[in-house]
Structure formats: structure tokens, C-alpha cells
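Visitor: Following this message is one structure expressed as C-alpha cells.
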Amino acid sequence: MLGRVPCRLRRMLKLVGLTVFLCVVLFALFDQVVFSFPTELLTRKHSTFVYSNNGRLLTAFTSEDRFWRKPVELKDISHKLISSVIATEDRYFYSHPGVNVVSLVKSAIANLQAGRVVRGGSTISMQISRMIEPKERTIRNKLFEIFRALQMELRYTKSELLGVYFNLVPYGGNIEGVGAASYFYFDKEPDKLSWSEAALLTAIPGSPEKLRPDKCLDCSRSRQEFVLARLHHDGVISSLDYKAALTEEIPSQRLQVPRHAPHLAVSLRSEYPEASLLKTTIRYNIQEVCERIARTYHQKYKAKGINNLAIVVIDNDKSEIMAVVGSPDFDDGRHSGQVDASKAARSPGSALKPFVYGVAFDLGTLSPEMMVPDIPVNYDGYRPVNYDESYRGLISVREALIHSLNIPAVNAAFEVGLEKLNEVLRRGQLTTIDKPYHYYGLPLILGAAEVRLTELTNLYAALARDGIFKRLKTLKSDENDAGLQLYSPEASYLLSEILVDLHRPDLPDSWRASVGNFPIAWKTGTSYGRRDAWTIGYTPRYSVGVWGGNCSGEGSAELVGASIAAPIMFEVMSEINRGKQKEWFEAPAGLSERVVCGVSGQPVGRFCDETTTEIFLIGISPAATCSVHRPVFVDRSTGMRLRASCTSGRDYDRKIVEIWPPRIASWLVNNDMSAPLAPYDPECFAGVDGQNPSIISPEDGAVFEIAYDLPLEYQKIRLQASIASGDGTVHWFLDGKHLRAVEAGEVTFYMPVKGRHKLLCVDDAGRSSTAIFQVN
């Protein structure tokens, strides 16, 4: 008895072990069956749909295999379509395990009786299996569909399977999924479908090519009516909905994909390849306006040899791109229509000039009414010239910017420092300026560095934001930028007040003189060789940038910013501001008004007769009073100037005259823009204490031989002197006559005349040095 117990126990243990083993094997087989399902078959390469900020389609791209697929989640599909599909295709979907045996048997009997396939019997899960692995319809393949359906049912929920079905189901041609079908047939999202539309989308997959409404409208209508009748019979829809659905029109054509902002769309698709939906910041209506304007001007400009245009519109407050045109004709392969000119690096010409003056305002080196020289200059061999190759002598900063003069701008860049200017431009995200400041040199401010229209327009938008730069947003999902202070609000306001006074091509004068027009601050640019025409304009709300030219780099005599790009900018501004109230920038608290000399633009001094007013930066703008108007003493008998210490015993007149720095004064006199000052009486400079000027050239005792085979103008004698203080004015006298006055260290020249000459050099304090030289 006791000996049998262990045997029974052993048998029981073996049985338990075998059971466990079989369970493990079965579980492994189950796991293999369920989890060996190739999940990658349930997803397809998607198309890309690009939308405006309010959800309107801008354009779209097919998938890599050239299909239209727009993935949607089940929650975003109308319950009408879900109910219609389940009622028509698989009414027991929520209760069967993936296969409806009764339906399969009935289908087999019906098909045998008819001698052809008249009934499918496939469940939604089996249809998914057929869609992901299409095969010839045989009994063997039907069994494989059943196997796959069971696999999916074990692995996925019913809702997940419905979601897969609605994203894979074919709708004729290259349309797959209800997302794409809803757009191409009805121009709406799948959650907005009516009963009529839901019935049509239920009907088409039964025979996608035959039932396409754009191929056979009657076929589609007949099958749709069958589906609606089925829904009505089964109580899915009411009689009222059934009758209304029957009267609803069926589309006879597929919707065509629009093509707005194609360059931006291509760029975004490349940047976000995994995204099926891209929601941009583009305003659909403004984009349409810009494209229409670009096409119109393109037709005008082609005859002038100008084949490419670009437009950028920015919402200043939100720092969003509202519209962008990369070229007027994307399909113009001959003229590089697919090149996005809004992002192409091109020379901006004069379009960077406002930014150097902004730096100067903030540093306190310039103020708007200050007079600056517009005369020939030479910076180590670099000799800038104005656009019209003329010189104005003296001009206010305001007028220099309004007239876009090159020489004052280059002088301003030299004064503020190229390193500082380069830093500001790079902080303003002009990404093409990526080399050290000394690489560009002073020509930087005249267009030596290339920039992109989008980036340059956004830099101008910073002026509209009180000097705050923000990164530009193109997608609604982009994060907001807190911003970076590039310029003070005060400097930004001063620039806006100057730029708003530019002459508009469509107006007889600036906007202030034309009631009823919108105030716009704007600046043009024309590159060297007339290869690029630019205009950037901004208001408190918007900034608009326009570029015109040829992507090939070919120039045109007509390519001038004011005549090519400006009219487009103003038309865009007019359209986007239509119906809006006029507005302008408020003056910041750090500005005030002061009286300045009407001649020098410096704060009025005791000898200034003519005055004007200026808006200035409190505590920053230059505060030194006018140094141009000074009293002088003129001997009545000789007509020569006297020093104050030399007036005793002399009969003289006291006069208030303009005394400009020597280089400026000399140019003004030589160009008949100013009368020469009376020369100093050399006797007044005798016996003054202190270190005398040092004559560097010519040396005392030098002898010069005139070469008769060389023009005399190439044999001028160099005059140069230095003084102990390092700066100031030196006066040159030759043989007792005043020759000219120059800055200390400045080089000037004397046309040689044969003979022995005495050269006298006198500084501001009256100290002097002499040199004797001979010309043979």
C-alpha cells in the first residue's frame, strides 16, 4: 500500500509536467501567431498636406509611391461614415472574432448559384488583410486572409482596426484613405461628412475604379443610392435624412490640389519629412494677393529683362510669415522658377544703411539733423562714390539717409566701427554675414555682403518692434521668441521717422503731404551692376520685403529698387491694410525736442543765427554746442585775419563766420560752395611758446627736379606735418601767402613752381615751423 503511493505521485507529477509543457508550447504558438504579425504592413507612406493658419489647404505632395494618403484618427471621422460602413460592410463587426462564418457560407452558396462572385462575405478585418497583402482571389488565399484577420483581432482593438481600415481603403485612382478622399471629392475634413457623402465613400471601395464619380457618375450614384436604401431599411438613418441625402448632388470631378506658397511648402516638407500635416502661419487671402501681384508685375517686367520676383510679408507683433512668394512662376524652368528667391543670398545694395545710422544714434555719434560731409574720401585706397557720382558738400544725417548717399553711410560705418556694425547684423540673424568684420570692410554697408530677403525683412521688422529682434515663425507649432534688443526704442523711432519721409513712387511727395494714404517707413536698395532691386517697408502691423532681379545673376538697366521693387511693396501694403485704421509709432519716453543750429545741426551755440528743431536721445545724442560759427578779426587795411592777441593797435572788424574742419572747408571753397576765409597774417604767429609743429614733408633743404616728360600734376609736392597734441588744425603758408588749412597729419599737395620757396606751418596755438626747398 505504502509502496504504491510514490508511483501514483510520479504519474501525477508527469501529467502535471506534460500539461505545463503543452501550455507553454501553446502559449508560445499563440504568441508567435499574434506577435509575428508584420505590423509595418498596416502603415503606408503618407502624403504631405500644407495648410494656412486658418486651415485652408495651400498645397500638397503625393507620397513617395505617388499616392494621396492623408492619415486621420478614428475620432476625427464622422460617425455617419463609421455607421454606414459597418451597416453595409460588416454589421457584426463588434461581435465576431475577425471572421463571420455564417456570412462566408452564405456568400459561397450565393456565388455557386450565380456562377460568379456576387457576394463577398469578408469582414472588415479580412478586407484589411486583403488591402495590406493583395493576392489573387483563390480558396488558399481566402484562408490566408482569415488567418491574418484572426491575427489582427487578437492583437488590436476593434477601434484600432477601424482606424487602420479607414486609412487604407481605396477610393479610386491614387486616392487611399478617407482623409484624402474627403478632400478630393468634397473639399472637407472627414468629420464634416453628410449622410450622402458618407454613403458615397462607403460605396466606392466596392469597386474603386468603376465607382469613381469622376469616371462614372451614374455608377457612383446607383451604388450610393443602394447604400442609402440599406441604411434606411436597417434604421440607421431616418426617412427625412434618407430623402435629403438622395437629393444631394454628387461631385463629378476630383478637386485639384492648389499650389500656393510652393517654395515654402517644399522647404517645410524637406525639413519635416515625417509630418503628414503642416500647419503654417500663412494667411491664405494675403498669400493669394501677393501671388496675384507678383504675376501681374512679372508680365510687365519680362520685357525689361527681369524674370524673377520675391515677396515676403511679416506680422510684426507675432513674428510670423504671413505670405511668401519665392518666384512668380514655379514652373518657369528656363528662368529658375523653382529657386526660392526669398531665401537666395543676394547683394542688398543700400538696404543696410538704416542699420548703421541706428547704431550711430544709440552710440551718440550722430543725431538726425547733424550735418555730415558728403565729399570725396579715401580709406586706404577705398574711395566710395554716390549713386549719382556727385557730392553735396554738407548734408544732414536725415537727408543723407533719405537720399541714400553712400559717402555719409561709409563715414558713419567708420565712426561706429565695423566690428560693432557686424555684430549687430549678425545678432539680427543675417546668417549670410558669417565672416569676420574685416573680411567685408567698409563696403559692407553698401552691399558687399549678400543677404536673404526673408532675413532682411525680419531685421526691418525689428525696427517696428521698438528695436526688438525675434526669430521668424513659419509653423503654428513654432515656439514664440522672447526677443533680443538690437536697437533702443528711441533709435528705432528716429529711423522710422526718417524712412517714412522717403518719396513714394505713387505719390507726388511723402505720405505726410498726401492725405488719405497709409504711412509706411521704407528703404530701397540697388546692387552694383543693377543685378538686384530691393524695397523693404514696414508699419506698426506689417513688414513687406520685395526683391526683383534674375536668379541667373544677369543685370538689367531697369533694375532699380525705387522703380522695380517699390511699386510692388506699396501695392501689397495697400491691399493688406485695406479697411484698417491708420496708425503710427508712439515716440518713446527717452526722446525729446531741442533747438539746434540750422547750419551745423549741432545744439545751438552763442553765435548761431539760424536755428531749427531736432528730436534727440536724451543723454545720448551729441551735446556739444555748435563749433562751426566763430568770431574772427579781420584787418581792415590788409584784409588778413588776426589772432585776438594780435589786434592791439590794429584797425579791424569782428565777424561771425563758418569755420568747418580744414578738409571740408577746402573742398567747399574749391567747389564754389563757400567763400574762402581771409588768410592769417603771418606776423601774428611770431613768438608763441610751446613745441612747434614738425614738418614731415618736404624736408628742410630739399631739392625737386621737374621731369619734362611727365605731366606736372603727377609731380606734386607732398605737404604733411604733425603737432604735439596729435590732433587739431595746421595752416600752410607758402612764401608769405596762406595756402590751405588741414587736419594735423593729413596729407595735402602743392603744384610745383620753379624757384626757392619758404614753407611755413602754423598750428592752432600759433606755434610754427619752417622749411626751405628748391624746385628746378
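Visitor: Scanning the range 362-392 for residues that are assigned to a loop (DSSP other than H, G, I, E, B) and closer than 20 Å to Glu743 by Cα, which turns out nearest to the chain's Cα centre (by Cα)?
Guide: Thr365
Visitor: If Ile664 meets every condition in (1) in a helix (DSSP H, G or I); (2) farther than 30 Å from Cys608 by Cα apart from one, which number is that one?
Guide: (2)
Visitor: Can you go through Leu463, Leu499, Leu456, Leu472 and tell me which one is touching an Asp or Glu at 6+ places or on another chain (Cβ under 9 Å), within 22 Å of Trp547 (Cβ to Cβ) and not small (Gly, Ala, Ser)?
Guide: Just one listed residue meets the conditions, Leu472.
Visitor: Also, quick follow-up: Does His738 count as part of a strand (DSSP E or B) and under 22 Å from Ile664 (Cβ atoms)?
Guide: Yes: the conditions hold for His738.
Visitor: Determine the pairs where a residue that is polar (S, T, N, Q), located within the range 443-463, has a partner that is open to solvent by 20 Å² or more (accessible area, probe 1.4 Å) with Cβ atoms under 6 Å apart, the partner being 6 or more residues away or on another chain.
Guide: Thr454/Lys343; Asn458/Leu472
Visitor: A further question on this structure: Restricting the search to the range 689-706, which residues are surrounded by fewer than 14 Cβ atoms within 10 Å (Cβ to Cβ), assigned to a loop (DSSP other than H, G, I, E, B) and modelled with pLDDT of 85 or more?
Guide: Correct list: Glu699, Asp700, Gly701, Glu705, Ile706.
Visitor: Just the residues that are open to solvent by less than 50 Å² (accessible area, probe 1.4 Å) and of a type in the set (A, V, I, L, M, F, W, C), please, taken from the range 717-746.
Guide: Those that are open to solvent by less than 50 Å² (accessible area, probe 1.4 Å) and of a type in the set (A, V, I, L, M, F, W, C): Ile717, Leu719, Ala721, Ile723, Val730, Trp732, Phe733, Leu734, Ala741, Val742, Ala744.
Visitor: For Ile109, indicate whether it is open to solvent by 70 Å² or more (accessible area, probe 1.4 Å), part of a helix (DSSP H, G or I) and at pLDDT 70 or above.
Guide: Answer is yes for this residue.
Visitor: Six or more apart or on different chains, Cβ atoms under 8 Å: show the pairs whose first residue is in the range 83-100 and in contact (Cβ under 8 Å) with a residue 12 or more places away in the chain and assigned to a helix (DSSP H, G or I) and whose second is open to solvent by 20 Å² or more (accessible area, probe 1.4 Å) and polar (S, T, N, Q).
Guide: Glu89/Gln127
Visitor: Considering only the range 407-429, I want to know if a residue exists there that is among the aliphatic types (A, V, I, L, M) and outside any helix (DSSP H, G or I).
Guide: No: zero hits.
Visitor: Give me the pairs: first residue in the range 109-131 and closer than 24 Å to Glu153 by Cβ and among the charged types (D, E, K, R), second residue open to solvent by 40 Å² or more (accessible area, probe 1.4 Å) and modelled with pLDDT of 65 or more, beta-carbon distance under 8 Å, and six or more apart or on different chains, which are they?
Guide: Arg119/Lys106
Visitor: Shifting gears a bit: Determine which member of the set Ala412, Ala449 is hydrophobic (A, V, I, L, M, F, W, C) and farther than 26 Å from Glu497 by Cβ.
Guide: Ala449
Visitor: Quick check: is even one residue across the range 159-170 more than 24 Å from Ser63 (Cα to Cα), touching a helix residue (DSSP H, G or I) at 6+ places or on another chain (Cβ under 9 Å) and open to solvent by 30 Å² or more (accessible area, probe 1.4 Å)?
Guide: Scanning the range 159-170 turns up at least one residue that is more than 24 Å from Ser63 (Cα to Cα), touching a helix residue (DSSP H, G or I) at 6+ places or on another chain (Cβ under 9 Å) and open to solvent by 30 Å² or more (accessible area, probe 1.4 Å).
Visitor: Cβ-Cβ under 7 Å, sequence separation 6+ or interchain: first residue in the range 467-488 and basic (Lys, Arg), partner open to solvent by 60 Å² or more (accessible area, probe 1.4 Å) and not in a loop (DSSP other than H, G, I, E, B). Which pairs?
Guide: Lys476/Lys279
Visitor: Checking the structure you have, find out if any residue of the range 574-596 is under 30 Å from Ala678 (Cβ atoms) and surrounded by 15 or more Cβ atoms within 10 Å (Cβ to Cβ).
Guide: Among the residues of the range 574-596, at least one is under 30 Å from Ala678 (Cβ atoms) and surrounded by 15 or more Cβ atoms within 10 Å (Cβ to Cβ), which makes the answer yes.
Visitor: Tell me which residues, restricted to the range 196-216, are among the β-branched types (Val, Ile, Thr) and free of Cβ contacts under 8 Å to residues at least 40 places away in the same chain.
Guide: Ile204
Visitor: Touching a residue at least 40 places away in the same chain (Cβ under 8 Å), small (Gly, Ala, Ser) and part of a loop (DSSP other than H, G, I, E, B): is that true of Ser350 in this structure?
Guide: It is false that Ser350 is touching a residue at least 40 places away in the same chain (Cβ under 8 Å), small (Gly, Ala, Ser) and part of a loop (DSSP other than H, G, I, E, B).
Visitor: Name the one entry in Gly605, Gly619, Gly649 that is free of Cβ contacts under 8 Å to residues at least 40 places away in the same chain, open to solvent by less than 50 Å² (accessible area, probe 1.4 Å) and not charged (D, E, K, R).
Guide: Just a single option satisfies the conditions, and that option is Gly605.
Visitor: Checking the condition open to solvent by less than 50 Å² (accessible area, probe 1.4 Å) and modelled with pLDDT under 95, which residue from Val50, Val34, Val25, Val20 passes?
Guide: Val34
Visitor: Those residues that are open to solvent by 10 Å² or more (accessible area, probe 1.4 Å) and without any contact (Cβ under 8 Å) to a residue 60 or more places away in the chain, I need them from the range 304-347; list them, please.
Guide: Once the filter is applied, which keeps residues that are open to solvent by 10 Å² or more (accessible area, probe 1.4 Å) and without any contact (Cβ under 8 Å) to a residue 60 or more places away in the chain, the range 304-347 yields Pro328, Asp329, Asp331, Asp332, Gly333, Arg334.
Visitor: Right, something else. When you scan the range 758-768, do you find a residue that is open to solvent by less than 40 Å² (accessible area, probe 1.4 Å), under 12 Å from Ile695 (Cβ atoms), over 56 Å from the mean Cα position of the chain (by Cα) and polar (S, T, N, Q), even just one?
Guide: Within the range 758-768, one or more residues are open to solvent by less than 40 Å² (accessible area, probe 1.4 Å), under 12 Å from Ile695 (Cβ atoms), over 56 Å from the mean Cα position of the chain (by Cα) and polar (S, T, N, Q).
The values are calculated or read from the model by the stated rules, or taken from the named source; none is laboratory data. If you're wondering where the values come from, they're calculated on a predicted model, not measured in any experiment. Neighbour counts are summed over all protein chains in view; Cβ atoms, including those assigned to glycine, are modelled from backbone coordinates with ideal geometry. For accessibility, only protein heavy atoms count, side chains too; no ligands or nucleic acids. Shrake-Rupley method; radii C 1.70, N 1.55, O 1.52, S 1.80 Å.
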